[in-house]
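These notes concern the structure reproduced below.
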Amino acid sequence: MWVFAIPAQTNYVFFQNLYQLQNNYIGIVPPKIEFSVFQAPFSNRFHLYVNDNYLNQLCATLDLPEAKKFLNCHEVSLVICSPEKIHNLHKLCYQLYQIAFTLDRASISSDRKAFRLNFMKKILEEEIVKKFILTLEEAKDVKHKKNVVKRSSILKQAEDMMRNNLRYDLTIPEICQELGVSQRTLEYIFKDFYEISPHNYFKKLRLNALYQELQKDSEFRFIYDLAEDFGFFHRGEFAHDYYQLFGELPSKTLAKLSNS
């Protein structure tokens with residue numbers, strides 16, 4: 001189990017009573033290393049405990065070297081990082097703390113709310129681990145083993161599958177299975193190139209295709225029938241997503257086209 005730590009307060013601390021540090025650092029404790037080397041007042045900090053196998057899987061997904069190769073696996077260490085990056089980690093850790101605090105309270109009104117909070121907690125934990133690793137990668141100037149050509153090829157193949165199946169029931173897991181990559185890998189590739197998830201990218205492709213279909217033929221009497229052809233079966237969510245992308249409700253688009 002790896003342990004990562006950032007100070008929870010913006011004051012000076014001493015590391016092993018040797019020198020002062022400001023709050024822009026990450027403390028790293030490798031597996032099987034004693035934690036006691038961190039001296040008070042270093043106790044005011046956020047701790048992140050990460051399984052060794054999970055950390056190595058994440059490094060592989062991010063095309064980074066194995067964790068023990070770019071993190072010091074022999075002793076406790078501190079890595080000075082960008083203050084902006086540490087500030088972002090502070091915000092994520094505090095969000096996670098708030099969710100955990102809410103889950104611990106007895107006043108949660110329903111199982112559904114507890115389920116939703118647990119789901120948010122899991123997603124946030126994964127995001128925090130990724131941010132910690134990417135912050136350390138930048139601070140240590142780690143050389144990527146990233147194969148940009150391969151990642152671009154995976155992206156293009158995924159996009160082609162989406163464009164060729166706009167009216168068919170194609171899922172992201174099916175795309176991953178066809179391309180021989182994990183969902184996490186595909187997620188990171190899309191976010192690296194487009195800063196959007198594969199699911200949301202596919203949804204925007206379908207919304208744009210539906211919009212183009214309306215431009216070609218304004219005789220559609222039942223826009224939700226067309227929406228279902230493109231995989232939108234929940235009318236409320238479809239109307240919300242459509243409005244977010246085009247700035248108007250589907251009914252207004254249809255009315256404008258019918259009157260033109």
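Look at the stretch 161-192 and say how many of its residues are within 15 Å of T61 (Cβ to Cβ) and part of a helix (DSSP H, G or I).
Within the stretch 161-192, residues that are within 15 Å of T61 (Cβ to Cβ) and part of a helix (DSSP H, G or I) number 12.
Given the options Y242, Y201, name the one that is modelled with pLDDT of 85 or more, in a helix (DSSP H, G or I), surrounded by 14 or more Cβ atoms within 10 Å (Cβ to Cβ) and touching a Pro at 6+ places or on another chain (Cβ under 6 Å).
Y242
Mind telling me which of the residues Y201, Y168, Y194, Y188 ends up being of a type in the set (F, W, Y), at negative phi and over 18 Å from the mean Cα position of the chain (by Cα)?
Y168
Would you mind telling me which numbered condition in (1) over 27 Å from I123 (Cβ atoms); (2) in contact with a Phe, Trp or Tyr (Cβ under 7 Å, 6 or more places away or on another chain); (3) hydrophobic (A, V, I, L, M, F, W, C) F190 fails?
(1)
I'd like to check something: does the stretch 140-159 contain any residue that is at pLDDT below 85, assigned to a helix (DSSP H, G or I) and under 16 Å from the mean Cα position of the chain (by Cα)?
No - not one qualifying residue is present in the stretch 140-159.
The values are calculated or read from the model by the stated rules, or taken from the named source; none is laboratory data. In this text, all values refer to a predicted model and were calculated from it rather than measured experimentally. Note that we place each Cβ from the backbone using ideal geometry, even for glycine, and neighbour counts take in every protein chain shown.
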